[in-house]
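Note sheet for the following structure.
Here, each number is a calculation from the coordinates, and none is a lab measurement. Quick caveat: nothing in here was measured; it's all calculated off a predicted structure. Quick reminder, even Gly has a Cβ in these numbers, built from the backbone with ideal geometry, and neighbours come from all protein chains shown.
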Amino acid sequence: QVQLVESGGGLVQPGGSLRLSCAASGIIVGGYSMNWYRQAPGKQRDLVAGITSGGRTNYADFVKGRFTISRDNTKIALYLQMSSLQPEDTAVYYCNINGQYGYWGQGTQVTVSS
């Protein structure tokens, strides 16, 4: 059974930083792309960043230059380093393997507020 467990969310002030982690089990992730999505209240779920098995990354325009995605295939983990956080970054952040029809975590809440 594949399980993805996110951690690292919380409350942070505007301009602050957080590092999200995703621990995967029950799957060998080496051949899969891994992604972070987010969903704010009343909005659709959006792709934030992705990283291929080869380490190629892509970012949504709204996080470019502020967020960094990385992965550790040995630890079967995915990370998202977020900096210069703004209130509009407030959302539930989801770890994903292999896209929309792949595997999903339960999400971790990130709240940016003063």
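Measuring max minus min along each principal axis, the C-alpha atoms of the chain give extents of 40, 25, 23 Å (largest first). Under 5 Å from the amide H of S53 lie the amide H atoms of S33, each residue being 5 or more positions distant or on a separate chain, with H modelled from the backbone and absent for Pro and chain starts.
Counted residue by residue at 0.36 nm each, then reduced by the alpha carbon distance between them, the extension gain from S84 to Q106 reaches 5.5 nm.
With contacts taken as Cα pairs under 8 Å and at least 6 residues apart, the chain reaches a relative contact order of 37 percent.
Taking the charge dipole of the chain about its Cα centre, with +1 at Lys and Arg Cβ atoms and -1 at Asp and Glu Cβ atoms, the residue from Q44, G8, I27 reaching farthest to the positive side is I27. Dipole magnitude for the chain: computed about the Cα centre from +1 point charges on Lys and Arg Cβ and -1 point charges on Asp and Glu Cβ, it is near 140 debye.
With a Förster radius of 22 Å applied to the beta-carbon distance between Q1 and A40, the computed FRET efficiency rounds to 0.15. Note that the range 21-27 has calculated 3J(HN,Hα) couplings of 10, 9, 9, 10, 9, x, 8 Hz, one per residue in order, obtained from phi through the Karplus relation 6.51 cos²θ - 1.76 cosθ + 1.60 (θ = phi - 60°); glycine and proline are x. Available extension along the chain between R56 and T68 is 3.1 nm, counting 0.36 nm per residue and deducting the alpha carbon span.
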